[in-house]
Amino acid sequence: MALSGGCFCGALRYEIDQGEYLSVNCHCSMCRRTSAAAYVTWLVVPKEHFRLNSSEPASFASSDHGRRQFCPACGTPVTCVNTNHPEIVDVTVCSLDDPTAFPPSRSVYTDTRLAWTDPER
């Protein structure tokens, strides 16, 4: 049985093959700005394990290497693809139907972490 997820309004839906995936909190300034949150929790998924079940997401280049994808109807951030690691797609954990299944195991870009966030996250 596949994992499922999507955007807030339901227009964008996806599936991920069952498996063990790395989940990380990213504290980079791009994640903070594009999500309007202190950090974003990502699920690192091999591209061949990820499938869209609906129309294509809208996207924008957030850096020279990264392209963020979101629902064109409600704006929910869903994925990020990066030419530095083209074999994976980063999926926002909280866009999963059951985000509790993938608690983060580490944090990245902690050098740009906001001082008022919990250092354990």
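The values are calculated or read from the model by the stated rules, or taken from the named source; none is laboratory data. Model, not experiment: these values are computed from the prediction. Here the Cβ positions follow ideal geometry from the backbone for every residue, glycine too, while neighbour counts run over all protein chains shown.
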From 78, 93, 24, which residue is touching a Lys or Arg at 6+ places or on another chain (Cβ under 6 Å), surrounded by 17 or more Cβ atoms within 10 Å (Cβ to Cβ), of a type in the set (A, V, I, L, M) and modelled with pLDDT of 95 or more?
24
Those residues that are out of contact with any helix residue (DSSP H, G or I) (no Cβ under 6 Å at 6 or more places or on another chain) and either buried (at least 18 other Cβ atoms within 10 Å of the Cβ) or assigned to a loop (DSSP other than H, G, I, E, B) (or both), I need them from segment 36-49; list them, please.
36, 37, 38, 39, 42, 45
Restricting attention to segment 101-117, does a residue exist that is touching a residue at least 60 places away in the same chain (Cβ under 8 Å) and at positive phi?
yes
Those residues of segment 9-35 that are in contact (Cβ under 8 Å) with a residue 40 or more places away in the chain, in a loop (DSSP other than H, G, I, E, B) and under 30 Å from residue 119 (Cβ atoms) come to a total of 3
Here are the criteria: (1) outside any strand (DSSP E or B); (2) in contact with a strand residue (DSSP E or B) (Cβ under 7 Å, 6 or more places away or on another chain); (3) surrounded by 14 or more Cβ atoms within 10 Å (Cβ to Cβ). Tell me which single one residue 73 does not satisfy.
(2)
For segment 84-94, state whether one or more residues are farther than 30 Å from residue 1 by Cβ, outside any strand (DSSP E or B) and in contact with a helix residue (DSSP H, G or I) (Cβ under 7 Å, 6 or more places away or on another chain).
no
Please go through segment 96-117 and give me each residue that is more than 13 Å from the chain's Cα centre (by Cα), surrounded by 10 or more Cβ atoms within 10 Å (Cβ to Cβ) and aliphatic (A, V, I, L, M), ordered by number.
101, 108, 114
